[in-house]
Amino acid sequence: MSSESPSTMITHNFIAGKFTDDHNKTMEVLSPLNGQVISNVVLSNRQQLDEAVKAAKNAQVSWSDFTLKERVQVFFRFRSLLEKNIDELTDMVVLENGKIDSEARAEVMKGIELCEFACSLPQLINDEIQEVSKGVECRTTHVPVGVVASITPFNFPHMVPLWTIPNAIALGNCMILKPSEQTPLSAARIGELLTEAGLPDGVLSIINGDKEIVEAICDHPDIDAVSFVGSTRVAKIVYQRATFNLKRCIALGGAKNHLIVLPDAHVEMAATNIAASMSGCAGQRCMAASAMVAVGKVDHIIEELCREVKKIKPGDNLGSVISASAKERIERYIDEAEAAGAKVLVDGRKVIIPGREGGFYVGATIIDYVTPDMNIAKEEVFGPVLAIMRTDDLDEAIRIENSSNYGNASSVFTQNGSMADYVMERVSSGMVGVNIGVPVPREPFSFGGWNESKFGVADITGKSSIHFWTKLKKRTTKWNPEAWTNWMS
């Protein structure tokens, strides 16, 4: 990064183990807490990407020669450094993303868990060996894909890079990381700590930039695989462009997660879980609840939910959204729904925090009597807003959920096990839950949705990610010329 004052500090690229002295145009990085400039980030060009890819190709030859057990030693040491620096890393997430301290700390702790999973890979990956005919042996091995890229979003600047870096690199690949230009600081610090942990130069490079560098990554002939996390609109473009250029790609898009609430749901558990789900990380997460389908007589639950949501105070236990344009977009969705006949039960518009007047805050908002045709019911708002739709029929609630183009997550709140199973079997989502507002899996279970929430095969984390970050090599050997033979040998 730089030792300059925060207002003039430049976040440079990180190539071959060091920050580069780039003379590119830069973009201001604003803290959403108060709107102040905290850095200027380099906007890279294709030449700088070429330098990073060249360093990765050179490093990959020797890095892939290490055994898996040897490679994961870097992540044992890196995990310790994450723990040692947890306060600094937490503060960095708060500063550049706007989360409250507890959410930022949880993000860093999740990064530690992701490293722990990578350290377990030698216990999870075993060659398959079988004597398929007398004297003939077949064996499969996982080999690295090569030079890979990871394009990550603003909403989890520490965690999402660690969705991909530990597994991909431990499995023998070299990686080009392109963090969001809105939150580049956490990624730069990850690069420093991995170098301190002993990662060889060139195995990880960090290229900052905007749309131009994303397109360059998708086009680069020496990048073999691309992962992306962001909006569905951009995920489609990245997936189409990367695969057109014959790369393997997994691109995670947006979400419109539905919580189906039945009248028998435990009132307090439902209210607290739904409130936390719709407002956590200021609603800026693809697992946030943004739509609730109230089935039958659940007014008692909605009333308790509103009481819980009114306890959520911007600047206290609710962080900021990422930018002024995000705040404007979120409030516009609320205005449109109200104008179309929905009823705002808890209003989070026009929030100003004393002492942080330049910050970007939207209060937790509950909107009732939303209809499925409203934009707020169909589109990803990405803010602390919950739209409530009503129906008297469970099958209709499931139809509402399944009519969404997305398919990331959904949950049902009920105390009836058969009803829970009925919903889980029928909703079109990759991750489902019962009485859980955020049904995100933990390692070794992998993260990934369905429909327009994910493009590509496998998942981005957990066991399933092994299939994305490696290729299978099949070996067939015969050494005994005296062995009895048949058509197989």
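Every read-out reported here was derived from the displayed coordinates using simple, explicitly stated rules and does not represent laboratory data. Just so you know, these numbers come straight off a predicted model, no measurement behind them. Neighbour counts are summed over all protein chains in view; Cβ atoms, including those assigned to glycine, are modelled from backbone coordinates with ideal geometry.
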Problem set entry | Computed magnitude of the charge dipole of the chain (debye, nearest 20; Cβ of K, R +1, Cβ of D, E -1) | 1000
Seminar exercise, completed: Rh (Kirkwood, all Cα-Cα pairs) for the chain, Å, reads 23.7
Seminar exercise, completed: Output for the stretch 40-86: chymotrypsin sites (Phe, Trp or Tyr not before Pro) sitting in coil per DSSP, at most 16 other Cβ within 10 Å, listed by number, reads F66
Problem set entry | Approximate spin-label separation L246-D101, in nm, with each point projected 7 Å along Cα-to-Cβ | 5.4
Seminar exercise, completed: Given a Förster distance of 22 Å, the FRET efficiency implied by the Cβ-Cβ spacing of E88 and E116, rounded to the nearest 0.05, works out to 0.60
For this session: Take the Cβ-Cβ distance between K378 and D201 as r, set R0 to 41 Å, and report the resulting FRET efficiency rounded to the nearest 0.05.
Result: 0.30
For this session: Pull out the extension gain between E128 and N405, defined as 0.36 nm times the separation in residues minus the alpha carbon to alpha carbon distance; nm, one decimal.
Result: 95.8 nm
For this session: Could you tell me which of the pairs K25/K84; K54/K236; K178/K256 are separated by over 32 angstrom between their Cα atoms in the structure shown?
Result: K25/K84
Exercise. Quick one: what does P(r) look like for the stretch 257-434 with 10 Å bins over all Cα pairs, in whole %?
Worked result: 10, 41, 36, 11, 2, 0
Exercise. In degrees, nearest 10, range 0 to 90: what is the angle between the Cα axis of helix 46-63 and the longest Cα principal axis of the chain?
Worked result: 50
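Run the helix sum for the chain: -39,500 (n - 2.57) per DSSP H stretch of 4+ residues, divided by residue count, reported at 222 nm to the nearest 500 deg cm²/dmol.
That comes out to -11500 deg cm²/dmol.
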Problem set entry | Given charges at Cβ of Lys, Arg, Asp, Glu: the chain dipole, positive-most of V457, A275, G359 | V457
Exercise. In nanometres, what is the gap between the two model label sites at E212 and S323, each 7 Å from Cα along Cα-to-Cβ?
Worked result: 1.7
Seminar exercise, completed: Once the dipole of the chain is set up from charges on Cβ (+1 Lys and Arg, -1 Asp and Glu), the residue from the list N58, V42, Y369 lying farthest towards its positive end is N58
Seminar exercise, completed: Between the Cα axis of helix 86-97 and the main Cα principal axis of the chain, the angle (0 to 90°, nearest 10) is 60
For this session: With label points built 7 Å along Cα→Cβ from the Cα atoms of D316 and M424, find their separation and express it in nm.
Result: 3.7
For this session: Grab the beta carbon distance between E28 and D335, set R0 = 22 Å, and tell me the FRET efficiency rounded to 0.05.
Result: 0.15
